[in-house]
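Take a look at the structure set out below.
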């Protein structure tokens, strides 16, 4: 009968409809991918580091502003007295605010500025100790969260995820053992009072959640695995090793205005190789490849060498700017 083929087709259609209506099975996590909980913990640590870094920049800016105001006050007196040598020395002092002075440079400072410079140096020592202590506190909290996460994943029999967390714990613990802060130095009272017009050093602000005030970041990221670099570049290689960073200049104008983890880099050159910017404690490299995040630049950036676990591990980032003049670069490298 002619109706039978129609019935047969209808039965086949009814059998296939449930397959289309059934909900899709959730996609399994990619083999070897870190568990979502670990990814979230790392992202929180990245956010914490970035917050500390912003606070470090604000703190350093306030300290520099205070010292420059002191230089202005002393220079005003030198100008009124017609003291050319003092005026020239004070102008030079503005360019070396970010570094330590040699004994000869200190001896040449105008007497009114010497105690202020001593206060600046002392404030830096204290803040460096506070930075290390705050970085250690943040890292210990991160370790505690990883320990709890490893336990939860083990209880769920997610052994692959628990092993991934354990590796991250090991890297963080290695960094912690290398970066325990020294006690804060005792305050030093200058032999002479600062000039009357000189403002006092800016007060140290406490950060909620930390017992140590002014928690500016130590020079390491998530378990020693990220670095933030800004500056003006042309064509250069950033060579990042465990203990130090240097620049290999390849063309155009040599870099300037460079900061690493919020700290100004006083660049010096031997041919086309810069001096080293040290990492203390050292960075921690692993098997994962590096990525560039939060990049702001017109230049082209490429990773030409990824870090690994060997003794000669290094990350090389190539910056190339084909436009006229230098390119302003802001980047975060994470691995």
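Only the coordinates and a few stated rules stand behind these numbers; no lab work does. Keep in mind that what you see is a predicted model, and the values were worked out from it rather than measured. Please note: Cβ atoms are built from the backbone with ideal geometry, for glycine as well, and neighbour counts cover all protein chains shown.
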Return, for the Cα atoms of the stretch 271-335, the radius of gyration and Dmax in Å, separated by a comma. 13.6, 39
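Could I get the Rg over Rh figure for the stretch 225-335? Both from C-alpha atoms, Rh via Kirkwood, rounded to two places.
Result for the stretch 225-335 is an Rg/Rh of 0.93.
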Zone of residue 280's modelled label, taken as backbone nitrogen in the stretch 113-134 under 15 Å from a point 7 Å along Cα→Cβ: 124-133
